[in-house]
Each structure stands twice: as structure tokens, then as C-alpha cells.
Amino acid sequence: MLRSLVGSEMCIRDRNRLIAQVVSSLTMGLRFNGCLNGSLDELEPNLVPYPRFKFMISSQSPIFPASKKTDLEELSNLVSSTLEAYKPANIMVKCDSTKGSYITTTLNYIGDLIPKHTGPTVLALKYSGLIKFVDWYPTGFKCGITYEPPLVIPGGDIGQVPRAVSMISNSTSIDEVFIRNNAKFDIMYKKRAFLHWFVNEGLEEGEFLEARNNLAELHAEYELSLIHI
């Protein structure tokens, strides 16, 4: 869904609005009525098992262009929307979520829902094959429900839906980003490209290597978390 929407000449403004919907879901429990709501103080301990494992992947579902006619009853299907949120094509980070393991995951449901709706949905997700947890924390689900219906900006490219779910997860697949960034850094640093601009502003050349090694260490830590106990 996300790839098709972005591919339809989705402007930067609407991409930012989509990201804002996911981020705002973190605080909806504080601003609107609902059940299973948690504060940000509760969210962080659930998502961050180690201080350095603080880089999340996220998605929003369902998403469709406002110009496209879509069956609202189909969009209201909770199981379908939740499964879509975990498909690699809908993740808002350039990484393949199926190649890594989830450490923890939180689902923030928005709309007319009650807690008994989420149980079968989580069960369907566990058996879908879309999500695999690390063996040392196999039950890392947290769900929240806010009764306020999803909102969209009038005139935007994102269509209105009766229900939605925002997924925010801590997954080892984010490691792909670290590897990719280090590879790009190595290519540019070998040529000392643009280095003089930073040195002239007061940075020392050794600080670049320190940052690069820090990212390499983080990659090693994510790899270590996948080792079976």
C-alpha cells in the first residue's frame, strides 16, 4: 500500500503528514479516550530492551490514495490492516523486515474498537509468518486502543479510513541501515570528500572514524542479539 501511494507522485508534504500520523499515535492515549492506553513512560521500557537498541521501524495501515475508490468495509478489516502493517513494502524504513527478528512491537489502534478485537488479530499475526521474534523475548506485543477515529488533512493525497493501526517496532532488520550507511561513509571518506568543510568548523578527523566505529559496534551488538540462547 505504501509503495503504491508513494509511487503515485506523492509529494513531500503528504509523506510528512503520513509520518506525523504514526508519531502522533504515540501520544493519542494521552489526548483522547480509549482503553489499553499507555503513557510514553510505559512505551519506552516496552520497546527498548537495551540503551543502544533505540532505533525503530514503523508503518501505518490501511493507506490508500484519496482519489481511489476503495471498499470501506474491506478497509475496516482489522486482521487485514494489521498484517499489511508488517509487510516489508509498507515499512517506513528502507530495510527488509522479514530478514531480521522483532525484539518488541507495539500496535496502536485508532477508531471504533474494543479489546476483544485485538486478541484474534495478534493471534493471526503470530501465525502469518510475517513476524519472528528473538528467542529470548518471544512475547513482545503491546497494544493500545484510542476511540478517536483517524483524521486526514482535507485536500491531501491520503484517503479517509474508519479504522487504522500504527505499528512501531524494535527489529534487528534496522541493522541494514547501519551497514548501508557505513558502506557509503567508507567510499566518501576514502576520497576525503567534503571532509574539509567539517574540519574547518572545528571537528577533528578522528571524530569521523570514532563515529564510524561506533556504528560498526552497534551492528555487532544487533548481530549478537540474534544468537540463540
What tally of residues in segment 167-209 results from selecting those that are open to solvent by less than 20 Å² (accessible area, probe 1.4 Å) and assigned to a helix (DSSP H, G or I)?
7
Odd one out for Arg212 among (1) within 22 Å of the chain's Cα centre (by Cα); (2) not in a strand (DSSP E or B):
(1)
Within the set of pairs 6+ apart or on separate chains, which have a first residue in segment 153-174 that is on the phi > 0 side of the Ramachandran plot, a second that is open to solvent by 20 Å² or more (accessible area, probe 1.4 Å) and modelled with pLDDT under 85, and C-beta atoms under 9 Å apart?
Gly155/Ala66
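The values are calculated or read from the model by the stated rules, or taken from the named source; none is laboratory data. Only a predicted model underlies this, so the values are computations on that prediction, with no experimental measurement involved. Positions of Cβ are generated from backbone atoms using ideal geometry, with glycine treated the same way; all protein chains shown enter the neighbour counts. Protein only, heavy atoms only, side chains kept; ligands, DNA and RNA dropped before computing areas. Shrake-Rupley method; radii C 1.70, N 1.55, O 1.52, S 1.80 Å.
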